Amino acid sequence: MNNSASPTLAQALAQAHTLGLARIDAQLLLLHTIGRPDAGRAWLLAHDTDALDDAAHARFIALCQRRLGGEPVAYLTGRKEFYGLPLQVDARVLDPRPDTETLVDWALEVIAPPYLNAHAPRVVDLGTGSGAIALALCSQRADAQVLAVDASADALAVAQANAERLGLAVQFQQANWLAGVDGRFDAIVSNPPYIPSADPHLAALTHEPLQALASGADGLEDIRTIIAQAPAHLQPGGWLLLEHGHDQADAVQALLTTRGFVQVQSRNDLAGIARCTGGQWPLAQTVK
């Protein structure tokens, strides 16, 4: 690269590639650096000979170095799109993953007519983090009453700010899962922590909040708690839907079946891995 002249956008991307950065990550960071986060990757191709001034180039390389150090792109840019919604995220919350959209799709199915014709559906999202699941559901079902719960006041602050910015009428409550949550719901959804506390993969996730990732020796501690609490908060015929690890579907199915859920089943994520498991609380049963 000619140091006497400012690099082009194409040259900056090539430099990021040389550093070892994934192309999509470099493109998102470059769009963020030049103040065009919504322009898209096609725009970069059309403007690949545009010059990047020295200050912007320095900011871009600094972001690339932080990404190489393990920081999620979403934290570096302060934004992540989820279910078509532009969310603001930072290190107070988990970086929303595209695979979690599978959970949203399933939740929309179980609260869709003809399942619920008598009333607007009530849904609670446990461990809401950035608010991704709750906000996605509210955006698709404006008539739904959606409650977002998190034990972290910091996470709720992020989620509430997203709701206000997007104009979505989600309610929020600070609670440890369903403890202290009132009423019954047509669907309980959650992407809880599910990584075993000794899992070596946690070492690569040090920039994300540990309490949103790890859950006991086998990764199922929080899922067990939610399954135990859920029946007392479900309408007869209501559904509990849980995201979990790539190898936990059988274990979660067994926990749901033992607790008395029916129609227990799993759904695959974008890679074809059983990533979400859920069950329906029987119509004839009510837990007090």
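Looking at the stretch 270-285, which of its residues are over 19 Å from residue 219 (Cα atoms) and touching a Leu at 6+ places or on another chain (Cβ under 9 Å)?
The answer is 279, 280, 281.
Yes or no: residue 149 β-branched (Val, Ile, Thr), at pLDDT below 95 and open to solvent by less than 20 Å² (accessible area, probe 1.4 Å)? Give the steps one after another, and end with the answer.
On the way: β-branched (Val, Ile, Thr): yes; at pLDDT below 95: no; open to solvent by less than 20 Å² (accessible area, probe 1.4 Å): yes.
Criteria not met by residue 149.
Considering only residues that are exposed (fewer than 14 other Cβ atoms within 10 Å of the Cβ) and closer than 20 Å to residue 19 by Cα, which ones fall in the stretch 69-94?
Answer for the stretch 69-94, where residues must be exposed (fewer than 14 other Cβ atoms within 10 Å of the Cβ) and closer than 20 Å to residue 19 by Cα: 69, 70.
Filter the helices (runs of 4 or more DSSP H) completely within the stretch 12-124 down to those with at least 1 residues that are under 25 Å from residue 161 (Cβ atoms).
Passing ranges, in order: 23-33, 54-68, 73-77, 101-110.
For the stretch 259-271, does any single residue satisfy the condition of being in a helix (DSSP H, G or I) and open to solvent by 60 Å² or more (accessible area, probe 1.4 Å)?
Yes, the conditions are met somewhere in the stretch 259-271.
Out of curiosity, is residue 54 acidic (Asp, Glu), at pLDDT 85 or above and more than 30 Å from residue 241 (Cβ to Cβ)? So that I can check it myself, show each step before the final result.
Details: acidic (Asp, Glu): yes; at pLDDT 85 or above: yes; more than 30 Å from residue 241 (Cβ to Cβ): yes.
Yes: the conditions hold for residue 54.
Residues that are modelled with pLDDT under 95, open to solvent by less than 10 Å² (accessible area, probe 1.4 Å) and under 20 Å from residue 242 (Cβ atoms): does the stretch 162-174 have at least one?
No, the stretch 162-174 contains no residue that is modelled with pLDDT under 95, open to solvent by less than 10 Å² (accessible area, probe 1.4 Å) and under 20 Å from residue 242 (Cβ atoms).
Output the residues belonging to the stretch 52-62 that are open to solvent by 20 Å² or more (accessible area, probe 1.4 Å) and either in contact (Cβ under 8 Å) with a residue 24 or more places away in the chain or closer than 30 Å to residue 274 by Cα (or both). Before you say what the answer is, go through the steps one by one.
Taking the stretch 52-62 as the starting set, the residues that turn out to be open to solvent by 20 Å² or more (accessible area, probe 1.4 Å) are 53-55, 57-59, 61-62.
Answer for the stretch 52-62, where residues must be open to solvent by 20 Å² or more (accessible area, probe 1.4 Å) and either in contact (Cβ under 8 Å) with a residue 24 or more places away in the chain or closer than 30 Å to residue 274 by Cα (or both): 53, 54, 57, 59, 61.
Considering the stretch 99-118 alone, what residues qualify as being at pLDDT 85 or above and open to solvent by 50 Å² or more (accessible area, probe 1.4 Å)?
The answer is 101, 105, 109.
Here's a check for you: in the stretch 2-11, which residue that is closer than 16 Å to residue 55 by Cβ and assigned to a loop (DSSP other than H, G, I, E, B) is least open to solvent (accessible area, probe 1.4 Å)?
The extreme case among them is 7.
Give the residues of the stretch 23-41 that are open to solvent by 50 Å² or more (accessible area, probe 1.4 Å), aliphatic (A, V, I, L, M) and without any contact (Cβ under 8 Å) to a residue 12 or more places away in the chain, sorted by residue number.
none
Please verify whether residue 232 is open to solvent by less than 40 Å² (accessible area, probe 1.4 Å), out of contact with any helix residue (DSSP H, G or I) (no Cβ under 7 Å at 6 or more places or on another chain), not acidic (Asp, Glu) and not in a strand (DSSP E or B), treating the condition exactly as stated.
On the way: open to solvent by less than 40 Å² (accessible area, probe 1.4 Å): yes; out of contact with any helix residue (DSSP H, G or I) (no Cβ under 7 Å at 6 or more places or on another chain): yes; not acidic (Asp, Glu): yes; not in a strand (DSSP E or B): yes.
Here the answer is yes, as residue 232 does meet what is asked.
The values are calculated or read from the model by the stated rules, or taken from the named source; none is laboratory data. Note that this is a predicted model, so its numbers are computed, not measured. Positions of Cβ are backbone-derived with ideal geometry, glycine not excepted, and every protein chain shown enters the neighbour counts. Accessible surface is based on the protein model in full, side chains and every heavy atom, while ligands, DNA and RNA are left aside. Shrake-Rupley method; radii C 1.70, N 1.55, O 1.52, S 1.80 Å.
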